[in-house]
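S.K.: Submitted below is the structure of interest, expressed as structure tokens.
Each value in this text was obtained by applying a stated rule to the coordinates, not by laboratory testing. Please read all numbers here as calculations on a predicted model, not as lab measurements. Here Cβ is always computed from backbone atoms with ideal geometry, including for glycine, and neighbour counts include all displayed protein chains.
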Amino acid sequence: MRYIYVVVVSLMIMSCKKADKEGVMSDSQMSIDSIKQVSIDSMKMEMVKKKTIDSMKIEMAKQEQAVTKEAVVVKQTTQATTQSVAPVAKKKWSGAAKGAVIGAGVGAVTGAVISKKKGTGAIIGGLAGAGIGAGTGAIIDGKK
């Protein structure tokens, strides 16, 4: 019985050695090939990204050219007067909007500094600050 086990084990060892010599890749060769494949895949992805960016730039240039062609100055002339379109003035922020933005910033910083959980504290502080700032800004708008 021992003789059979010894023969079977020796056959297994011999067959494993033959497999390495016959072209089965070793672990080091497999790792080198996988590293090469990762590098090739990375380069392919970069090329795809570059093509996408280039096509987006081309489309944006086409859109900008179309907009400049469509831009027309409208002037209506009558016998006595000439009318032209005036540029629209920028809309200013309300006091409530300014207060909300300032309050959110201050609240987020304060919440992050005070709280043990920085992210949660910043979110809660930002929301509370925005609410208080919007309320204060609305009161100031009401007084004007």
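S.K.: Which net charge results for the neighbourhood of Ala108, defined as the other residues with beta-carbon distances under 14 angstrom from its beta-carbon, given Lys and Arg at +1 and Asp and Glu at -1?
M.R.: Here the charged neighbours net out to +2.
S.K.: Turning to a different aspect of this structure: Would you mind calculating the gained length between Glu59 and Ile132 on full extension (0.36 nm times residue separation, minus the Cα-Cα distance), in nm to one decimal?
M.R.: That works out to 21.8 nm of additional length.
S.K.: To continue, here is another question. For a quick protection proxy, order the peptides 97-109, 33-45 by their average other-Cβ count within 10 Å, most packed first.
M.R.: Descending mean neighbour count gives 97-109, 33-45.
S.K.: Ok, one more. Excluding Asp141 itself, what net charge comes from residues whose Cβ is under 14 Å from its Cβ, given Lys and Arg +1 and Asp and Glu -1?
M.R.: +4
S.K.: Could you work out the local net charge near Gly95, counting Lys and Arg as +1, Asp and Glu as -1, over the other residues with Cβ closer than 11 Å to its Cβ?
M.R.: That sum, taken over residues with Cβ under 11 Å, equals +3.
S.K.: Using θ = phi - 60° and the Karplus curve 6.51 cos²θ - 1.76 cosθ + 1.60, what whole-Hz ³J(HN,Hα) does each residue of region 39-52 get, with Gly and Pro shown as x?
M.R.: With coefficients 6.51, -1.76 and 1.60, one gets 5, 5, 4, 5, 5, 5, 5, 5, 5, 5, 4, 5, 4, 5 Hz.
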